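Chemist: One structure, pasted below without further comment.
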Amino acid sequence: DDTDDISWLSYCKIRNSTEEQLATAFEAIENISVDLAVQSSIRREAATLFCDAFCSGITVGRGTDCIAAVCLSITAQQAAQPIPRGRLLDSMSVAQKGFNLAYRALCCGLEIKVEPAQPVQYLPFFASDLRLPADQVTDATDLLEAVAGRTEFVGKSCVGVTSAAVYLASEKSTQREVADSGGISAETVRQRVDDFRRLCALD
(Lines give C-alpha, C1' and ligand atoms only; values in the text may rest on other atoms or scores of the structure.)
Protein backbone atom coordinates (compact mmCIF):
# COMPACT_ATOMS: atom_id res chain seq x y z
CA ASP A 1 0.00 0.00 0.00
CA ASP A 2 0.98 3.72 -0.07
CA THR A 3 2.25 3.67 3.52
CA ASP A 4 4.86 1.05 2.66
CA ASP A 5 6.03 3.06 -0.37
CA ILE A 6 6.49 6.19 1.74
CA SER A 7 8.43 4.19 4.32
CA TRP A 8 11.22 2.99 2.05
CA LEU A 9 11.40 6.25 0.11
CA SER A 10 11.82 8.20 3.34
CA TYR A 11 14.50 5.76 4.48
CA CYS A 12 16.52 6.45 1.36
CA LYS A 13 15.89 10.16 0.95
CA ILE A 14 17.61 11.07 4.18
CA ARG A 15 20.88 10.51 2.26
CA ASN A 16 20.77 13.60 0.03
CA SER A 17 23.90 12.75 -1.93
CA THR A 18 22.43 9.42 -3.06
CA GLU A 19 18.98 10.51 -4.23
CA GLU A 20 19.79 10.45 -7.95
CA GLN A 21 21.19 6.91 -7.96
CA LEU A 22 18.42 5.62 -5.75
CA ALA A 23 15.76 7.29 -7.87
CA THR A 24 17.30 5.66 -10.96
CA ALA A 25 17.27 2.27 -9.25
CA PHE A 26 13.67 2.62 -8.11
CA GLU A 27 12.63 3.67 -11.59
CA ALA A 28 14.38 0.62 -13.09
CA ILE A 29 12.73 -1.70 -10.57
CA GLU A 30 9.32 -0.15 -11.18
CA ASN A 31 9.57 -0.19 -14.96
CA ILE A 32 10.66 -3.81 -15.26
CA SER A 33 8.15 -4.86 -12.60
CA VAL A 34 5.34 -3.37 -14.67
CA ASP A 35 6.62 -5.11 -17.81
CA LEU A 36 6.89 -8.48 -16.06
CA ALA A 37 3.81 -8.06 -13.84
CA VAL A 38 5.79 -8.34 -10.60
CA GLN A 39 3.68 -7.90 -7.48
CA SER A 40 3.92 -4.60 -5.61
CA SER A 41 5.10 -6.33 -2.42
CA ILE A 42 8.09 -7.79 -4.28
CA ARG A 43 8.85 -4.39 -5.83
CA ARG A 44 8.96 -2.79 -2.39
CA GLU A 45 11.22 -5.53 -1.03
CA ALA A 46 13.53 -5.13 -4.03
CA ALA A 47 13.75 -1.36 -3.45
CA THR A 48 14.52 -1.88 0.22
CA LEU A 49 17.17 -4.47 -0.64
CA PHE A 50 18.78 -2.02 -3.06
CA CYS A 51 18.96 0.53 -0.21
CA ASP A 52 20.65 -2.05 2.00
CA ALA A 53 23.12 -2.91 -0.76
CA PHE A 54 23.89 0.77 -1.29
CA CYS A 55 24.44 1.43 2.42
CA SER A 56 26.78 -1.57 2.56
CA GLY A 57 28.87 -0.30 -0.36
CA ILE A 58 27.98 -3.24 -2.58
CA THR A 59 26.74 -1.01 -5.39
CA VAL A 60 30.08 0.77 -5.77
CA GLY A 61 31.56 0.06 -9.21
CA ARG A 62 28.49 -1.86 -10.35
CA GLY A 63 25.76 -0.76 -12.72
CA THR A 64 22.50 0.40 -11.15
CA ASP A 65 20.41 -1.74 -13.51
CA CYS A 66 22.52 -4.78 -12.65
CA ILE A 67 22.01 -4.38 -8.91
CA ALA A 68 18.33 -3.63 -9.46
CA ALA A 69 17.99 -6.86 -11.43
CA VAL A 70 19.73 -8.81 -8.66
CA CYS A 71 17.45 -7.30 -6.02
CA LEU A 72 14.35 -8.19 -8.01
CA SER A 73 15.61 -11.70 -8.64
CA ILE A 74 16.37 -12.33 -4.97
CA THR A 75 13.16 -10.89 -3.56
CA ALA A 76 10.99 -12.68 -6.13
CA GLN A 77 12.66 -15.99 -5.33
CA GLN A 78 12.31 -15.39 -1.60
CA ALA A 79 8.60 -14.89 -2.21
CA ALA A 80 8.47 -18.24 -4.05
CA GLN A 81 7.56 -16.39 -7.25
CA PRO A 82 10.87 -16.48 -9.14
CA ILE A 83 11.36 -14.59 -12.38
CA PRO A 84 13.12 -16.52 -15.16
CA ARG A 85 16.63 -15.12 -15.05
CA GLY A 86 17.14 -15.04 -18.80
CA ARG A 87 13.96 -13.04 -19.26
CA LEU A 88 14.93 -10.62 -16.50
CA LEU A 89 18.41 -10.02 -17.88
CA ASP A 90 17.15 -9.58 -21.43
CA SER A 91 14.47 -7.15 -20.31
CA MET A 92 16.96 -5.03 -18.36
CA SER A 93 19.85 -5.42 -20.84
CA VAL A 94 22.11 -6.79 -18.10
CA ALA A 95 25.04 -9.11 -18.86
CA GLN A 96 25.00 -12.59 -17.30
CA LYS A 97 28.56 -12.34 -15.95
CA GLY A 98 28.00 -9.00 -14.26
CA PHE A 99 24.73 -10.22 -12.79
CA ASN A 100 26.33 -13.37 -11.37
CA LEU A 101 29.16 -11.40 -9.76
CA ALA A 102 26.76 -8.87 -8.26
CA TYR A 103 24.43 -11.62 -7.07
CA ARG A 104 27.22 -13.35 -5.18
CA ALA A 105 28.51 -10.07 -3.76
CA LEU A 106 25.09 -9.05 -2.50
CA CYS A 107 24.24 -12.42 -0.96
CA CYS A 108 27.65 -12.61 0.72
CA GLY A 109 27.76 -8.97 1.83
CA LEU A 110 24.26 -8.96 3.29
CA GLU A 111 24.34 -12.62 4.42
CA ILE A 112 21.32 -13.57 2.35
CA LYS A 113 20.44 -17.20 1.79
CA VAL A 114 18.19 -17.96 -1.14
CA GLU A 115 16.62 -21.38 -1.47
CA PRO A 116 16.85 -22.92 -4.96
CA ALA A 117 13.70 -22.38 -7.00
CA GLN A 118 11.55 -25.35 -7.96
CA PRO A 119 10.04 -25.70 -11.45
CA VAL A 120 6.46 -25.38 -10.21
CA GLN A 121 7.28 -22.00 -8.66
CA TYR A 122 7.80 -20.51 -12.13
CA LEU A 123 4.27 -21.37 -13.20
CA PRO A 124 2.66 -18.14 -11.90
CA PHE A 125 5.06 -16.12 -14.05
CA PHE A 126 4.31 -18.09 -17.20
CA ALA A 127 0.59 -18.13 -16.44
CA SER A 128 0.54 -14.36 -16.15
CA ASP A 129 2.89 -13.66 -19.04
CA LEU A 130 1.17 -16.03 -21.47
CA ARG A 131 -2.32 -15.48 -20.04
CA LEU A 132 -2.94 -19.14 -19.47
CA PRO A 133 -6.40 -20.18 -18.28
CA ALA A 134 -6.67 -21.92 -14.92
CA ASP A 135 -7.27 -25.38 -16.36
CA GLN A 136 -4.04 -25.23 -18.38
CA VAL A 137 -2.10 -24.09 -15.31
CA THR A 138 -3.54 -27.09 -13.46
CA ASP A 139 -2.48 -29.40 -16.29
CA ALA A 140 1.05 -27.95 -16.25
CA THR A 141 1.20 -28.41 -12.49
CA ASP A 142 0.18 -32.05 -12.85
CA LEU A 143 2.91 -32.61 -15.44
CA LEU A 144 5.55 -31.09 -13.18
CA GLU A 145 4.40 -33.16 -10.22
CA ALA A 146 4.57 -36.30 -12.36
CA VAL A 147 8.29 -35.80 -13.04
CA ALA A 148 9.30 -34.30 -9.69
CA GLY A 149 12.45 -35.95 -8.43
CA ARG A 150 13.17 -37.79 -11.67
CA THR A 151 16.91 -38.13 -12.24
CA GLU A 152 16.47 -37.31 -15.92
CA PHE A 153 15.89 -33.68 -14.96
CA VAL A 154 18.74 -33.36 -12.46
CA GLY A 155 21.00 -30.51 -13.52
CA LYS A 156 18.48 -29.26 -16.07
CA SER A 157 17.26 -25.67 -16.02
CA CYS A 158 14.13 -25.36 -13.88
CA VAL A 159 12.86 -22.74 -16.31
CA GLY A 160 13.35 -25.16 -19.18
CA VAL A 161 11.43 -27.90 -17.39
CA THR A 162 8.59 -25.52 -16.54
CA SER A 163 8.54 -24.16 -20.09
CA ALA A 164 8.06 -27.65 -21.48
CA ALA A 165 5.19 -28.37 -19.09
CA VAL A 166 3.58 -25.06 -20.02
CA TYR A 167 3.91 -25.79 -23.73
CA LEU A 168 2.40 -29.26 -23.37
CA ALA A 169 -0.48 -27.92 -21.26
CA SER A 170 -1.16 -24.89 -23.43
CA GLU A 171 -3.54 -25.11 -26.35
CA LYS A 172 -2.26 -22.02 -28.16
CA SER A 173 1.32 -21.14 -27.14
CA THR A 174 4.09 -22.15 -29.53
CA GLN A 175 7.48 -23.39 -28.39
CA ARG A 176 8.97 -20.07 -29.49
CA GLU A 177 6.44 -18.07 -27.47
CA VAL A 178 7.06 -20.17 -24.37
CA ALA A 179 10.83 -19.91 -24.89
CA ASP A 180 10.65 -16.13 -25.22
CA SER A 181 8.54 -15.92 -22.07
CA GLY A 182 11.18 -17.84 -20.12
CA GLY A 183 14.16 -16.13 -21.71
CA ILE A 184 15.57 -19.42 -23.02
CA SER A 185 16.07 -20.98 -26.45
CA ALA A 186 13.34 -22.77 -28.34
CA GLU A 187 15.76 -25.71 -28.64
CA THR A 188 15.85 -26.04 -24.85
CA VAL A 189 12.06 -26.14 -24.76
CA ARG A 190 12.01 -28.77 -27.52
CA GLN A 191 14.49 -30.98 -25.66
CA ARG A 192 12.54 -30.82 -22.40
CA VAL A 193 9.29 -31.49 -24.26
CA ASP A 194 10.88 -34.62 -25.70
CA ASP A 195 11.92 -35.63 -22.17
CA PHE A 196 8.37 -35.22 -20.90
CA ARG A 197 6.92 -37.22 -23.76
CA ARG A 198 9.37 -40.04 -23.16
CA LEU A 199 8.91 -40.13 -19.40
CA CYS A 200 5.15 -39.62 -19.32
CA ALA A 201 4.25 -41.45 -22.52
CA LEU A 202 2.55 -38.38 -23.90
CA ASP A 203 1.22 -38.27 -27.44
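Chemist: Leaving out ligands, DNA and RNA, what percent of the accessible area of the chain is carbon and sulfur, probe 1.4 Å?
Modeler: The computed percentage sits at 48.
Chemist: Dipole of the stretch 55-123, Cα-centred, from +1 at each Lys and Arg C-beta and -1 at each Asp and Glu C-beta, to the nearest 20 debye?
Modeler: Dipole of the stretch 55-123, to the nearest 20 debye: 120 debye.
Chemist: If you don't mind, another one. Note down the net charge around Thr75, summing +1 for each Lys or Arg and -1 for each Asp or Glu among other residues with Cβ under 10 Å from its Cβ.
Modeler: With Lys, Arg at +1 and Asp, Glu at -1, the net is +1.
Chemist: Rolling a 1.4 angstrom probe over the protein chains, ignoring ligands and nucleic acids, what is the accessible area of Asp90 in square angstrom, nearest 10?
Modeler: 110 Å²
Chemist: I want the local charge near Cys66. Using Cβ-Cβ distances under 14 Å, sum +1 for each Lys or Arg and -1 for each Asp or Glu among the other residues.
Modeler: Summing Lys/Arg as +1 and Asp/Glu as -1 gives +2.
Chemist: Continuing with the same structure: From the square roots a ≥ b ≥ c of the eigenvalues of the alpha-carbon gyration tensor of the stretch 102-183, which class results: rounded (a/c under 1.5), prolate (a/b over b/c), or oblate?
Modeler: prolate
Chemist: Still on this structure, I have one more. Farthest toward the dipole's positive end in the chain, which of Ile74, Gly183, Val154, given Cβ charges of +1 (Lys, Arg) and -1 (Asp, Glu) about the Cα centre?
Modeler: Value: Val154.
Chemist: Assigning unit charges at the beta carbon (Lys, Arg +1; Asp, Glu -1) and nothing else, what dipole magnitude in debye, to the nearest 20, does the chain show about its Cα centre?
Modeler: The calculation lands at about 700 debye.
Chemist: Let me ask something else. Can you tell me the accessible area per residue over the chain, all protein chains present, probe 1.4 angstrom, in square angstrom?
Modeler: I get 52 Å² per residue for the chain.
Chemist: Further question on the same structure: Tell me whether the stretch 32-103 comes out rounded, prolate or oblate; compute the Cα gyration tensor, take square roots of the eigenvalues as a ≥ b ≥ c, and use a/c under 1.5 as the rounded threshold.
Modeler: oblate
Chemist: Another one. Roll a 1.4 Å probe over the protein heavy atoms and report the accessible area of Arg198 in Å², nearest 10.
Modeler: 150 Å²
Chemist: Let me know the shape class of the stretch 130-178, please: from the alpha-carbon gyration tensor, a ≥ b ≥ c as square roots of the eigenvalues, rounded when a/c is under 1.5, otherwise prolate if a/b is greater than b/c, or oblate.
Modeler: Taking the square roots of the gyration eigenvalues as a ≥ b ≥ c, the stretch 130-178 is oblate.
Chemist: Residues with beta-carbon under 14 Å from that of Phe153, excluding Phe153: net charge, scoring Lys, Arg +1 and Asp, Glu -1?
Modeler: Local charge sum for Phe153: +1.
Chemist: Leaving out same-chain residues fewer than 8 places away, which aspartates and glutamates sit with a Cα under 15 Å from that of Lys172?
Modeler: Cα-Cα hits under 15 Å: Asp129, Asp135, Asp139, Asp180.
Chemist: For the stretch 114-129, take each phi angle, set θ = phi - 60°, evaluate the Karplus expression 6.51 cos²θ - 1.76 cosθ + 1.60, and give the result in whole Hz per residue in order, putting x for glycine and proline.
Modeler: 10, 6, x, 6, 9, x, 5, 6, 7, 4, x, 5, 5, 4, 6, 5
Chemist: What are the principal axis extents of the Cα atoms in the chain, in Å, biggest first?
Modeler: Extents along the principal axes: 62, 31, 25 Å.
Chemist: When you count, for each residue, the other Cβ atoms within 10 Å and take the mean per peptide, how do 138-151, 170-183 rank with the highest first?
Modeler: The densest-packed peptide leads the list: 170-183, 138-151.
The values are calculated or read from the model by the stated rules, or taken from the named source; none is laboratory data. Treat the numbers as computed from the prediction; the structure is a model and nothing was measured. Positions of Cβ are backbone-derived with ideal geometry, glycine not excepted, and every protein chain shown enters the neighbour counts. Surface areas here come from the heavy atoms of the whole protein model, side chains and all, with no ligands, DNA or RNA. Shrake-Rupley method; radii C 1.70, N 1.55, O 1.52, S 1.80 Å.
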